[in-house]
Structures are given as C-alpha cells and as structure tokens.
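Only one structure is covered here, and it is reproduced in the block below.
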Amino acid sequence: MTKLLVKNAKIAKSSNEIYTLYNYGIPALKSVTGLVTCPMAGQCAKGCYAQAGAYVWSNVAQAYEWRLEQSQKDNFPELLQKELAPKIKTALRQGKQLVIRIHDSGDFYSVQYLRKWLKIIQANPTVIFYAYTKMVPVFNRLKAEIPNNFKVIYSEGGIGDNLINCQEDRHSRVFPSESALIAAGYDDASKDDTVAFKSLTGKIGLIYHGVKSKSWSTN
C-alpha cells in the first residue's frame, strides 16, 4: 500500500542511533495533470535530480502523483497525522528524535497547501520537520507563522534567489565538487541529510548529482 511517509535511499542512510528520518514527496516541477509543483524553479530545473533515476520509474512516479492527490484534499493534515502518530510512538520507545523531510521532490505549490503543513507541524511540536524550498517570498511573508520545530532551508537555483539573505537565512547551495563546497565554507549535506537541520552555520552545501550533461551549480 502506498504511504505518505517513506524513506528514500539518502534518508534511510541518514537515520542513525539519534535520529529516525522519513520523507514526503510529490512530483517535481509538474504533475501529469499539469499542476506546477515547483512554481519558483529556475536553473535548478535544468538538471533536477528528481527528474531522473528511480524517480521516473513508473511505480515510484505513480506514488508521487498519489501523494500530490492526497495533499489537495481538505483532510490532508488528518491523513498524514494518522501515519505520523505510530511513528512518534516508535521513536519515543526507541529513544530517538523523529524527523520528517518535506519534499525530497516538489515544493510548496500554494499557500493553501503550505498552511496544511503548518497545521501538521504545529500539532506535533516534538517532531522536527525540515524542507528545502524555493518559495522564498511566501516564507518571508509568513515568517511569523513558522513554528520552531520547522527548519526552512532556502534552496538556491530558483527565480527568487535575490531574496535570500545568505548572511541570515538558512540556505542551500549546489556545488560542482566537494572541494568547491569546502572552499566556500559550507556544511556538506550531500550524503548525510541531518546536516540540513543540524547545521549551526545555516550554510548547507550539496554536490550536484544529477545527469552530467545537465549539470548546474549556484557556485
């Protein structure tokens, strides 16, 4: 049965004796119905990792489309809470911190959709939620409504990059190589996604890992 909360390869590897991670994703860029799921995508669309590999396998793609359909329902928060509740109990029993990555693919395609997530996050203060997003103007406008347990990471590569304050905003930057990432003073989250929400500098570095012919970086 298709689930809302799953573990992709990176999320599974990032889980450890302290954290147990799950991810939620919807189709990248655009759904089969034509819904734009990444409204502020920019140069990142050129070599989007979620447009290749396992993401395009028919069974995987169908699952992402299904999650998008669920997200459009009025009772989406309740549907997600039903899956979240037992995971909270399990993490508590194991003495671990439950962490949810929102969107290993896709983005907050509307304010209404974002508010559904905010309802979920506010209702689960013991859970850490985090998300990479290019919806910078929307989050800047709603900053006062963002709960403390929601780590928002502005993802460079979108059409709103000029609105990111790299000195103050937690943000991510894509680099062509590990050496370039280190030289720029960014924390490497390429293999360990816990860096995304644990980083004290708020400077999250990622090494491009998509199709080589479509390589891009914000460095």
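What follows draws every value from the coordinates through simple rules; no lab data is involved. Keep in mind that what you see is a predicted model, and the values were worked out from it rather than measured. No Cβ is skipped: glycine too gets one built from the backbone with ideal geometry, and neighbour counts run over all protein chains shown.
Coupling constants for segment 135-145 follow from the phi torsions by the Karplus curve (6.51 cos²θ - 1.76 cosθ + 1.60, θ = phi - 60°), and in residue order they are 7, 4, x, 5, 5, 4, 6, 9, 3, 5, 9 Hz; glycine and proline get x.
Cross-link pairs exceeding 25 Å between alpha carbons, from the set Lys13/Lys203; Lys82/Lys191; Lys10/Lys73; Lys7/Lys198; Lys134/Lys198; Lys3/Lys119: Lys82/Lys191; Lys10/Lys73. Taking amide H as placed 1.01 Å from N in the peptide plane, Ser155 has its amide H under 5 Å from the amide H of Thr133, Lys134, Ser172, each at least 5 places away in sequence or on another chain. For Lys116, a cut-off of 14 angstrom between C-alpha atoms picks up these aspartates and glutamates, skipping any fewer than 8 places away in its own chain: Glu69, Asp74, Glu78, Asp107, Glu145. For the chain, the spread of Cα positions along the three principal axes, ordered from largest to smallest, is 42, 40, 34 Å. Working note: 222 nm ellipticity from helices only, DSSP H runs with n ≥ 4, each -39,500 (n - 2.57), summed and divided by the residues of the chain, gives -9000 deg cm²/dmol to the nearest 500.
For Lys96, the aspartates and glutamates whose Cα falls under 15 Å of its own Cα, not counting residues fewer than eight places away in the same chain, are Glu17. Within the shell defined by Cβ-Cβ distances under 12 Å, the residues around Leu114 carry a net charge of +2, with Lys and Arg each +1 and Asp and Glu each -1. Summary: within the chain, the longest segment free of trypsin sites (Lys or Arg not before Pro) located in DSSP loops with at most 14 other C-beta atoms within 10 Å is 74-190. Taken over the C-alpha atoms, segment 44-143 has Rg and Dmax values of 14.9, 43 angstrom.
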